[in-house]
1. With respect to Ala222, is the statement that it is part of a loop (DSSP other than H, G, I, E, B), within 12 Å of the ligand (Cβ to nearest atom), open to solvent by less than 30 Å² (accessible area, probe 1.4 Å) and touching a residue at least 60 places away in the same chain (Cβ under 8 Å) true?
2. Just checking, which of Gly286, Gly210 is at pLDDT below 95 and buried (at least 23 other Cβ atoms within 10 Å of the Cβ)?
3. Do you know which residues across region 152-179 are open to solvent by 30 Å² or more (accessible area, probe 1.4 Å) and within 13 Å of the ligand (Cβ to nearest atom)?
4. For region 284-319, which residues satisfy the criterion of being of a type in the set (Ser, Thr, Tyr) and free of Cβ contacts under 8 Å to residues at least 60 places away in the same chain?
5. Hey, among Phe264, Phe290, Phe234, which residue is within 16 Å of the ligand (Cβ to nearest atom) and assigned to a loop (DSSP other than H, G, I, E, B)?
6. So which residues in region 293-319 are assigned to a loop (DSSP other than H, G, I, E, B) and under 12 Å from Val138 (Cα atoms)?
7. Scanning region 104-118 for residues that are within 17 Å of Lys238 (Cα to Cα) and crowded, with 18+ Cβ neighbours inside 10 Å, which turns out farthest from the ligand (Cβ to nearest atom)?
8. Is one or more of the residues making up region 134-151 surrounded by fewer than 21 Cβ atoms within 10 Å (Cβ to Cβ) and over 19 Å from the mean Cα position of the chain (by Cα)?
Amino acid sequence: MLIRKPSDIRSSEITSETNYLNRRDFIRAGAIAGGSIISSGAIGAIVPDSRLAPLTNIAKSPLSTSEMLNSFEDISTYNNFYEFGLQKGDPVVNAENFKPRPWSIKVSGHAEKTGVIDFDDFMKPFDLEERIYRMRCVEAWSMVIPWVGISLADVVKHFQPTSKAQYVAFETLEDRERMPGQKGWSLDWPYREGLTIAEAINPLTILAVGLYGNAIPNQNGAPIRLVVPWKYGFKGIKSIVGIKFMSSQPQTSWNMANPSEYGFYANVNPEVDHPRWSQARERRIGGGIFDKKRKTLMFNGYGEQVAHLYKDLNLRRNF
Ligand code: MTE
């Protein structure tokens, strides 16, 4: 992961607190009016309309946080998505013409039901929910994001894994033409991630297909990406085309690239520093220049829901 320290971030990327609050009110007003926030002004210019179909029948989740949301602009312009460039501002520009349709997902491995499924058919059995999650990046910044998604536990149940399935592996599309960042050297493509079955069926884990009530923007992982809020953001693999039920621990992109810095588990653990910087505190993106860094919480504050998954694991060794 290319890292920019908070001190490296251009002042033009930092929103003043007043603007931030105004923007939030504007976004909330748009959401309340049922209108698309995207159709207005500057934000419309950075995300083509075709990607932003409003999503309907979205239930509210009791698992959402009530913390202040990050703006759509924060969430959709400050991204890591190496298939579209290495800098935070690259994906919004380079993914603009990416077409996440037609799209299919290959489900394979140790499961009763497998096959290649068209994205719209894949989605049919599942209910959409809004999940407002605190997200923590390994680069020591955080955001609060109103995802719209489906429960990964429901997806796992639907495909009926056999008793051999101990892990779920995910793969991103590999297509050098549609994802120009794959032409250069950075990661070993396709991007890969994995969870234990227990992590995959935890009620917090979702596959997100939307943001702020609309279809998810390309740069955030259209048409479908993983969201695991108690882990570092790099577990949230984007633009998924493969889901495989496996008996052994799958390879994961950042672990393959740099095993001493990025482990398989990637739990937010403020007590284990990244080898090159501390994880004790974090900067909330969009918080304004006077916003103090906040203390990072174990499991990103989701310990009550997930600590039991790791009770027999040494979280210093299994980082
Ligand atoms: N998925 C793919 N396919 N490629 C990537 O480069 N980057 C990861 C993760 N998923 C990445 C990816 C990293 S490092 C982070 S922090 C999150 O996506 C960022 O998600 P966001 O841009 O929606 O905040």
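1. In short, yes.
2. Being at pLDDT below 95 and buried (at least 23 other Cβ atoms within 10 Å of the Cβ) holds for just one of Gly286, Gly210, which is Gly286.
3. Filtering region 152-179 for residues open to solvent by 30 Å² or more (accessible area, probe 1.4 Å) gives 154, 157-158, 160-164, 166-167, 171, 174-178.
Once the filter is applied, which keeps residues that are open to solvent by 30 Å² or more (accessible area, probe 1.4 Å) and within 13 Å of the ligand (Cβ to nearest atom), region 152-179 yields Glu171, Glu174, Asp175, Arg178.
4. Correct list: Tyr310 only.
5. Values: Phe290 fails: within 16 Å of the ligand (Cβ to nearest atom); Phe234 fails: assigned to a loop (DSSP other than H, G, I, E, B).
Residue meeting the stated conditions: Phe264.
6. Passing the criteria: Thr296, Phe319.
7. If we take residues in region 104-118 being within 17 Å of Lys238 (Cα to Cα) and crowded, with 18+ Cβ neighbours inside 10 Å, then Val107 is farthest from the ligand (Cβ to nearest atom).
8. no
The values are calculated or read from the model by the stated rules, or taken from the named source; none is laboratory data. Computed from a predicted structure; not experimentally measured. Neighbour counts run over all protein chains shown; Cβ positions are idealised from the backbone, glycine included. Only protein heavy atoms, including side chains, enter the accessible area calculation; ligands, DNA and RNA are left aside. Shrake-Rupley method; radii C 1.70, N 1.55, O 1.52, S 1.80 Å.
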